[in-house]
Amino acid sequence: MKNKVNEIQISYREKIGTLKSESIKSSQHAAKLLFDTWDKNTIGLHETFKILLLNNSNKVKGIYPLSTGGITGTLVDMRILFAIVLKTLSVGILLAHNHPSYKTEPSEADKKLTDKIKQAAQLFDVRVLDHLIITPNGDYYSFADNGLL
């Protein structure tokens, strides 16, 4: 009798059909793209963590909603994050999550998570271009623009 190995399927979907042609030029451009695809009914209710997947030309391959949490936080499983990145053959990523509180400043937990993801990404030759915090009114904070990446 053969042992059957469990197969896990991970997939991602584009929110809008034009994503593949989008090339990220700045944090402002990325924040607008992410905000436009965020569910406006939930952006002010709970935190969601997303990954913007990029090819070598910084063209968007897709947006993957990695986790949804509570009012003040959400958990990010590093194994699932990198399973998505590797399965989609992405060479660059942009991290994003929302703050329902409308505060754009990152918490210490946000900073530690970003650093942990950046260190792990280096092992796979994946570039972490930015981590954006987006508020329900479209304001944002860029780790890269503020020297934290």
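Report whether or not SER142 is under 18 Å from TRP38 (Cβ atoms), crowded, with 17+ Cβ neighbours inside 10 Å and within 13 Å of the chain's Cα centre (by Cα).
yes
When you look at PHE35, is it under 17 Å from PRO136 (Cα atoms), out of contact with any Lys or Arg (no Cβ under 8 Å at 6 or more places or on another chain), in a strand (DSSP E or B) and not acidic (Asp, Glu), yes or no? Before you say what the answer is, go through the steps one by one.
On the way: under 17 Å from PRO136 (Cα atoms): yes; out of contact with any Lys or Arg (no Cβ under 8 Å at 6 or more places or on another chain): yes; in a strand (DSSP E or B): no; not acidic (Asp, Glu): yes.
It is false that PHE35 is under 17 Å from PRO136 (Cα atoms), out of contact with any Lys or Arg (no Cβ under 8 Å at 6 or more places or on another chain), in a strand (DSSP E or B) and not acidic (Asp, Glu).
Identify, by number, the condition in (1) at pLDDT 90 or above; (2) among the acidic types (Asp, Glu); (3) surrounded by 12 or more Cβ atoms within 10 Å (Cβ to Cβ) that GLU14 doesn't meet.
Condition not satisfied by GLU14: (1).
Cβ contacts < 6 Å: first residue without any contact (Cβ under 8 Å) to a residue 40 or more places away in the chain, restricted to region 62-82; second residue of a type in the set (Lys, Arg), any location; separation 6+ or different chain. Result?
Qualifying pairs under 6 Å: PRO65/LYS50.
Provide a single number: the residues in region 78-128 that are among the acidic types (Asp, Glu) and either surrounded by 13 or more Cβ atoms within 10 Å (Cβ to Cβ) or at pLDDT below 95 (or both).
Residues meeting the conditions: 2.
So the check is Cβ under 6 Å with 6+ separation or different chains; which pairs have a first residue in region 92-104 that's of a type in the set (A, V, I, L, M) and a second one that's in a strand (DSSP E or B) and at pLDDT 95 or above?
The qualifying pairs are ILE93/ILE51; ILE93/VAL128; LEU94/LEU52; LEU94/LEU129; LEU94/ASP130; LEU95/HIS131; ALA96/LYS50; ALA96/LEU132.
Can you pull out the strands (runs of 3 or more DSSP E) entirely within region 40-149 that have at least 2 residues that are more than 17 Å from GLN28 (Cα to Cα)?
Values: elements: 48-54, 60-68, 92-98, 127-134, 140-142.
Once the strands (runs of 3 or more DSSP E) in region 40-149 are filtered for at least 2 residues that are more than 17 Å from GLN28 (Cα to Cα), what remains is 48-54, 60-68.
The values are calculated or read from the model by the stated rules, or taken from the named source; none is laboratory data. These numbers were taken from a predicted model, which means no experiment stands behind them. Positions of Cβ are generated from backbone atoms using ideal geometry, with glycine treated the same way; all protein chains shown enter the neighbour counts.
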